[in-house]
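Just below is one structure, and these are the notes that go with it.
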Amino acid sequence: MPTRHRPEHITNSSGYAGAAFGPRGVPLEPVAPLQLSENRWDRKAITNVDQDSPELVDRKVKALLNKLTMGKFDSISDQIIAWANRSEKEKDGRTLIQVIRLVFEKATDEATWSEMYARLCRKMMEQISPKVQDDGIKNSEGKPIAGGQLFRKYLLNRCQEDFERGWVNKEATAAAAATKAIEDQAAKAASASKEEEEIALYSEEYYAAQKAKRQGLGLIKFIGELFKLQMLTERIMHECVKKLLGNVENPEEEEIESLCKLRTTVGQMLETAKSLRRFIQDDNLAGAHMHVYFDRMKELTKSPNVNSRMQFMLMLSYGTELS
């Protein structure tokens, strides 16, 4: 059995390990002792955190959402509701608003599980404590809205805010990505370096645009799942449809993808005679027939500004209605 050689250390007056020799007398580089940083992790710092602080709510609820699965749905969702019920001690429902925000962020970023997150919202609305109220939101009798009604009010506000903000973010990131793409083309023309081409391809603007697109499509799917659970009204859904069909002349690809995502999520629930009549009345389209937005989609399938992939996607999702 070969003999193991332990490295020999010679410490100098400065405290550094000076000359160190490994096996066969190979000299090793000097190593400075570890220094304690000012922002190092400290277990005591966690125990001293205010139990009602937004930072703690963020960390705990995010951890629970990361663990949420259909198999653990009941136990994990109960814990999330318990955190939301901490708003019982508040007059503005800020903790409940924070929990709803975290659920929305998770649902829009992980569209595959939007049905599960919609179920979570439904359960929260049904089981939120009636003691949770917001003194700034009152009913027709002048009393603060509380419990499930308050949760639904917050939910509707969040849907509207995220939908409107999503369009603003999408337009801003798309413009930034387009500007960056022009700059990248100029850089490629100036240099044929493969490394520089890869850096230009995966720029920060590119990732920001892709993230905005992913979250926008995720929001549409999540809204559809909430509608299926009767948490959103037909009127709200048709407002989304009208927004997506607002630019028939030169539509964005994201708008068409969102329309198709809405169809696959909601199915034919929006296509009843009652809901379509309501849509026509809200839009003040006197004399228009019941399939008014299908006509708009037909225009899209024939528009020269819509590429063949988007046209095929529309036909695949709305084939029988557009034929």
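The values are calculated or read from the model by the stated rules, or taken from the named source; none is laboratory data. Nothing here was measured: the structure is a model prediction, and the numbers come from that model. Virtual Cβ from ideal backbone geometry, glycine too; neighbours counted across all protein chains shown. Surface areas here come from the heavy atoms of the whole protein model, side chains and all, with no ligands, DNA or RNA. Shrake-Rupley method; radii C 1.70, N 1.55, O 1.52, S 1.80 Å.
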* Tell me, what HN-Hα J-couplings in whole Hz come from the Karplus equation 6.51 cos²θ - 1.76 cosθ + 1.60 at θ = phi - 60° for each residue of the range 102-107, using x for Gly and Pro? -> 5, 5, 4, 4, 5, 5
* Once phi is turned into ³J(HN,Hα) by the Karplus curve 6.51 cos²θ - 1.76 cosθ + 1.60 with θ = phi - 60°, what whole-Hz value does each residue of the range 234-249 show in order, with x for glycine and proline? -> 4, 4, 5, 5, 5, 5, 5, 4, 5, 5, 5, 9, x, 10, 6, 5
* Stretch Gln160-Arg24 to full length: gain in nm at 0.36 nm per residue minus the Cα-Cα span? -> 41.8 nm
* To do: Could you order peptides 117-128, 219-230, 71-82 by the average number of other Cβ atoms within 10 Å of their residues, highest first?
  => 219-230, 117-128, 71-82
* Asp134 long-range amide H proximity, modeled H, under 5 Å -> Ile145
* To do: Mind scanning Lys138/Lys261; Lys228/Lys298; Lys67/Lys228; Lys131/Lys243; Lys62/Lys131; Lys131/Lys221 and naming the pairs with a C-alpha gap bigger than 30 Å?
  => Lys138/Lys261; Lys131/Lys243; Lys131/Lys221
* Within the accessible area of the range 218-269, what % is carbon and sulfur when the probe is 1.4 Å and the other protein chains stay in place? -> 42 percent
* Asked: What are the residues whose amide H is under 5 Å from the amide H of Leu28, where those residues sit 5 or more places off or on another chain and H is modelled from the backbone?
  -> Ala20, Phe21, Gly22
* Using the reciprocal of the averaged 1/r over all distinct C-alpha pairs, how large is the Kirkwood radius of the range 102-159 in Å? -> 12.3 Å
